[in-house]
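Note sheet for the following structure.
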Amino acid sequence: MKKHCIIILMSLFTFSLCSKAQTTATNFTEDDCNGVSHTLYDELDAGKIIVLAWVMPCGSCAYFGSRAYDAVGSFSESHPDKVQFFLVDDYANTNCSNLSSWGNNNAMENHTAFSSSTISMEDYGEDGMPKVVVLAGNTHQILYNKNNGAISEQGVKNAINAALTLAVMETEENQKPITSFPNPSKGLTTIQFYLDENTNATLEVFTVLGEKVSSLKLNQYTPNTNTTVIDGSNLKGGLYFAKIKTVSGVKIMKLIKK
């Protein structure tokens, strides 16, 4: 077995999620206003992108909430049924009929409404209506978390595009096995991968949002099990993807930094 050990120092691309909130979604199982049951993690695991918008029946909620709704609508033709808009009453003190009517009257007709304290904005940091979060991936990542005037249509679109990139990477990871240890890691991570032929390779590392943070040429790998060591000690905690590229294909795996 031929081993190559390469130490990589990477800088982290920073995407503004939220300073006070968690980085993964809180699961819930709840009926929507039409009596249909939803389990958040199941829908994310099935590949859905969920946009949660907490609102109260007010003008500013309608204005900024509709920015998120319009962003979701822009993907309806390119990715039908992929991105879901969940309209949630802020403190579950507006009944379903009034909430749905309010959404319809404010040009947010294609929504799924909830009036339940189970779906709590407090799980995502600071309160403030409207509050919009974008959730995606089988790791249940929060890709966007903004309140009221900070919400923008383009910002939500960017998060949805990042979620689509995340879905592609997770699919590739399942199809192209590669192993690592320890994972999660506080620093050094050993990556092992198998090649079918004698070839050069490229190691690339991405953030969860698809932003490349490192790329390095790896020379003359053998048709056998190969080993590379990544030093992520300078990285902040979170989820990354390591991608091994050769002329014959790609191998991807998740890396978690503690």
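The values are calculated or read from the model by the stated rules, or taken from the named source; none is laboratory data. Everything quoted here is computed from the prediction, not taken from an experiment. Virtual Cβ from ideal backbone geometry, glycine too; neighbours counted across all protein chains shown. The accessibility values were calculated without ligands, DNA or RNA, using every heavy atom of the protein model including side chains. Shrake-Rupley method; radii C 1.70, N 1.55, O 1.52, S 1.80 Å.
Step by step: first the residues of the range 90-107, then only those that are of a type in the set (Ser, Thr, Tyr) and assigned to a helix (DSSP H, G or I), then the one that is nearest to ASN158 (Cα to Cα). Which residue is that? Checking each candidate, the answer is SER100. Among the residues of this structure, SER116 counts as one that is out of contact with any helix residue (DSSP H, G or I) (no Cβ under 8 Å at 6 or more places or on another chain) and among the small types (Gly, Ala, Ser). When the range 75-89 is filtered for residues that are surrounded by fewer than 22 Cβ atoms within 10 Å (Cβ to Cβ) and either in contact (Cβ under 8 Å) with a residue 60 or more places away in the chain or not in a strand (DSSP E or B) (or both), the ones remaining, listed by number, are PHE75, SER76, GLU77, SER78, HIS79, PRO80, ASP81, LYS82. Yes or no: ALA71 at pLDDT 95 or above, open to solvent by less than 20 Å² (accessible area, probe 1.4 Å) and more than 19 Å from ALA92 (Cα to Cα)? When the stated conditions are applied, ALA71 passes them. Taking the conditions (1) under 20 Å from LEU143 (Cα atoms); (2) surrounded by 14 or more Cβ atoms within 10 Å (Cβ to Cβ); (3) not acidic (Asp, Glu) in turn, THR39 satisfies each one other than (2). Open to solvent by less than 60 Å² (accessible area, probe 1.4 Å), part of a strand (DSSP E or B) and within 25 Å of GLN154 (Cβ to Cβ): does that describe LEU44? Answer is no for this residue. Quickly run through the range 237-250 and pick out the residues that are at pLDDT below 75 and more than 17 Å from THR165 (Cα to Cα). Result: VAL247, SER248, GLY249. The requirement of being farther than 28 Å from LEU52 by Cβ, touching a Gly at 6+ places or on another chain (Cβ under 7 Å) and either at pLDDT 75 or above or open to solvent by less than 10 Å² (accessible area, probe 1.4 Å) (or both) is fulfilled somewhere in the range 166-185, by at least one residue.
Within the range 134-151, residues that are under 15 Å from VAL88 (Cα atoms) and among the β-branched types (Val, Ile, Thr) sit with their Cβ atoms under 6 Å from residues that are assigned to a strand (DSSP E or B) and open to solvent by less than 20 Å² (accessible area, probe 1.4 Å), at 6+ positions apart or across chains, in these pairs: VAL134/VAL51; VAL134/LEU143; VAL134/TYR144.
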